[in-house]
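For reference, the structure is listed below as structure tokens.
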Amino acid sequence: MNPSNIKTSINTHVRVSKIPKAVFAGALAVTLSCSLGTTLADETCSSPYLARIEGQEEFVYVWTLGVEGLGDGSDKLVTVDVKPDSPTYGKVINSVSVEGRNEAHHGGFTDDRRQLWLAGLDTSRVFIFDVYTDPSKPRYVKTIDNFEKTTGGAIGPHGAYALPGRMLIPCLSNAKDKGGRTALVEFSNDGNYIATHWLPTKEDAHGAADAKIADGYGYDARVLPRKNALLTSSFTGWNNYMTEFSKVTADPEAMKHFGQTMVMWDFHARQPKKVLQVPGAPLEIRWAWGASHNYAFTATALTSKLWLVYMDDKGEWQAKDVAPISNVKGGVLPVDISLSADDKTLFVCSFMDGKCRVFDVSDPHRPKQIYEKQIGRQVNMVSESWDGKRVYFTSSLLARWDKQGADNEQFLRGYAWNGKELTPRFDLDFTALKLGRPHHMLFGAKNMGSGPRLTALNNPPQ
Amino acid sequence: MSRTRGRLFTIALVLGACRTIVTAASEDLLPRNSDYDYEPPAPGSYTLPAIKTAADGALLDSSGKAINLRDLTHGRITVLGFIYTRCAAPKGCPYATNVFDQLHSLSAKDKALTLNMRLVSVSFDPDHDTPQHLAEYSEWVRETKSGCDWRFVTAKSRTELDSILSGYGQAVDKRSNPSDAQGPLYHILRVFLIDRDGRIRNIYSSATLDPRLVLADVKTLLLEETKLSKQ
């Protein structure tokens, strides 16, 4: 909360003196007290439009890929208790299976945090859960199972990103050739289709500058509201992500089909403005949170580099690589990254060597690695709490890209971070628990400033 | 000329004549600031796909008269926000009311907006926000003789309120501490842009309730109507 907000309104806007003065006096008093009091918390990677948890996360929801012959073999939403004083701390307290295996990947809450949407990269199904009625026991509500037809041919929904009253779903592929050309899709919080926005290509630039390098690929999509800026990144299509990793890397033709670009959009107009060259499959996007920090980080999977997308002195968006991620020959396949709420620390997971590297990014143009730790034989996702004290890791990348044999560890591991080192807190073996391959993590809580429920869930079961 | 075509002709005429004036007024009165640090897209340069139909429900206006919400979401381009007057959250209801006031003020200088825009503030706190209280709260609006229609309405009953809030996806809970400095109710700010036919065309939160964007959206819908009238 920014105390300058309401002051700006009072000072600069017209006729405000005629609005009841008590309204603004109260708001101003609360603004000042809030800056000293209430702690809002959350995963640092979540949408800026999302209602925030007050205090500490209580549950980690894990979107988990089913494994044939393991348990019921289906994808499932697993709930882990992370309340520090709970007798079930670090334990699985709930699991809800969905139909079959869908290449479970990423998900996200609606902006009011009442629903959790979970996407399947293979089947293009999106599963919607109620996490409001009882956050400790998410309840399946419904499935969007006509995604390809509804969206006009987009497939491979990668995740779900909260916007006001709606969800933005960046996709990875298309139904026509199952390559990397793809789209952003919007649904209302009710699950009704709104629009499809295809990413620009050199043949169909949609008005974007530098479209001669546009590849039309997609992966992540995240907004910096203060700048009306939507940034997208690019990975690869269904043909590659549903093929064995060793086959993809051994096929020179397949290796040509990875994203080489990021796109800056006018968010409100949903129009691409500029294509940025970022070779090597730029994946997760992490906008800085600082009030004057006009930049975002990403990591390139195939070239093992940290990239910075930033606004230059002339107000133009630019991209440049700012640091290598390891000096291992051939790279380490960096995957998820997590930026601390104070924009000073960046956690970087690399799948091939199973390590987490921590960078001091106080100067975003000159990141410096300050720490590294072996998390497992493979590691993919990292989620950090808002206060920076807790960090969670999961192991699975894609069903056909995960390691084989003894290297195929499947876990959720919780750590404490003291600014210098990671200390283990709990370890859940998802294979021994017959759950599957854990992927995306999201934080849940009952404590969101709410007491007795005043309204019913907005979107009742269909 | 049919009534509809005549209305659209009037919109086109007024909008064309007033666009320059409104743009200048907007730049003066709605400056770029650190929360909304960008130039908004030009009206008509983008589209606003329909999201869903605006829900109906039984309400009371600030004079205590029964009114259907549908009557406030049709016939004009409506900017509708859910508020409660006890809210003291800095970027909550007081902020939304301030933005509505800015839009109302701008509409007084723009005949197209005066004639074609409507502002609706719906309270979700009927126990406190009685018609009489809303009348007192909105006294300054009634004192203003110019500008577009701005209605303050409250729920007829808790049952009716639940139905309306559910229809719009407006989350509201009681705070565990009723004496919370931000007010006794926990909610996210939701403001809706509704076209003349009662379809929701945009949804704003505190992070996107930039009056310049709302104004651009209203004008985009007006321009859309003029394009349709020429087809």
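Details
- Filter pass, B:Leu209 being farther than 22 Å from B:Ala42 by Cα, hydrophobic (A, V, I, L, M, F, W, C), in a loop (DSSP other than H, G, I, E, B) and more than 8 Å from chain A (Cβ to nearest Cβ): no
- Subset of the range A:358-380 [among the aliphatic types (A, V, I, L, M) and open to solvent by 10 Å² or more (accessible area, probe 1.4 Å)]: A:Ile370
- Lone unmet requirement of (1) assigned to a strand (DSSP E or B); (2) over 20 Å from B:Asn202 (Cα atoms) for A:Met167: (2)
- Note on the range B:43-88: residues that are under 21 Å from B:Gly147 (Cα atoms), open to solvent by 10 Å² or more (accessible area, probe 1.4 Å) and either in a loop (DSSP other than H, G, I, E, B) or among the basic types (Lys, Arg) (or both) amount to 6.
- Per the conditions (1) closer than 21 Å to A:Asn240 by Cα; (2) in contact (Cβ under 8 Å) with a residue 60 or more places away in the chain; (3) assigned to a strand (DSSP E or B), the sole criterion not satisfied by A:Ala162 is (1).
- Among the residues making up the range A:347-357, a single one is surrounded by 24 or more Cβ atoms within 10 Å (Cβ to Cβ) and of a type in the set (A, V, I, L, M): A:Val348.
- A:Glu148 being within 23 Å of the chain's Cα centre (by Cα) and part of a strand (DSSP E or B): no
- Residues that are facing chain B (nearest Cβ under 10 Å) and more than 24 Å from A:Val278 (Cβ to Cβ), drawn from the range A:184-215: A:Glu186, A:Phe187, A:Ser188, A:Asn189, A:Asp190, A:Asn192, A:Tyr193, A:Ile194, A:Ala195
- Residue in the range A:54-76 that is at pLDDT below 90, in contact with a Leu (Cβ under 9 Å, 6 or more places away or on another chain) and not basic (Lys, Arg) present: yes
- Test: residue in the range A:229-247 that is without any contact (Cβ under 8 Å) to a residue 40 or more places away in the chain, surrounded by fewer than 22 Cβ atoms within 10 Å (Cβ to Cβ) and out of contact with any strand residue (DSSP E or B) (no Cβ under 6 Å at 6 or more places or on another chain): yes
- Some residue of the range A:4-19 being open to solvent by 10 Å² or more (accessible area, probe 1.4 Å), within 9 Å of another protein chain (Cβ to nearest Cβ), at pLDDT below 95 and touching a Ser or Thr at 6+ places or on another chain (Cβ under 6 Å): yes
- Among the residues making up the range B:130-163, those that are closer than 15 Å to B:Ala66 by Cα and open to solvent by less than 40 Å² (accessible area, probe 1.4 Å) are B:Pro131, B:Leu134, B:Ala135, B:Phe152, B:Val153, B:Thr154, B:Ala155, B:Leu161.
- Residues (more than 12 Å from every other protein chain (Cβ to nearest Cβ), in a helix (DSSP H, G or I) and in contact (Cβ under 8 Å) with a residue 60 or more places away in the chain) located in the range B:89-123: B:Lys111, B:Ala112, B:Leu113, B:Leu115, B:Asn116
- Among the conditions (1) touching a residue at least 40 places away in the same chain (Cβ under 8 Å); (2) open to solvent by 20 Å² or more (accessible area, probe 1.4 Å); (3) not in a strand (DSSP E or B), the only one that A:Thr143 does not satisfy is (3).
- Test: residue in the range B:47-65 that is modelled with pLDDT of 85 or more and more than 20 Å from the chain's Cα centre (by Cα): yes
- Residue among B:Leu221, B:Leu189 that alone is modelled with pLDDT of 90 or more, more than 8 Å from chain A (Cβ to nearest Cβ) and part of a loop (DSSP other than H, G, I, E, B): B:Leu189
- Qualifying residue in the range A:122-130 (condition: farther than 16 Å from A:Gly191 by Cα, of a type in the set (Gly, Ala, Ser) and either in contact (Cβ under 8 Å) with a residue 24 or more places away in the chain or surrounded by fewer than 16 Cβ atoms within 10 Å (Cβ to Cβ) (or both)): no
- Failed condition for B:Asn177, given (1) of a type outside the set (Gly, Ala, Ser); (2) without any contact (Cβ under 8 Å) to a residue 12 or more places away in the chain; (3) in a loop (DSSP other than H, G, I, E, B); (4) more than 8 Å from chain A (Cβ to nearest Cβ): (4)
The values are calculated or read from the model by the stated rules, or taken from the named source; none is laboratory data. Because the structure is predicted, anything quoted here is derived from the model rather than measured. Virtual Cβ from ideal backbone geometry, glycine too; neighbours counted across all protein chains shown. In case anyone asks, the SASA skips ligands and DNA or RNA and just uses the protein heavy atoms, side chains included. Shrake-Rupley method; radii C 1.70, N 1.55, O 1.52, S 1.80 Å.
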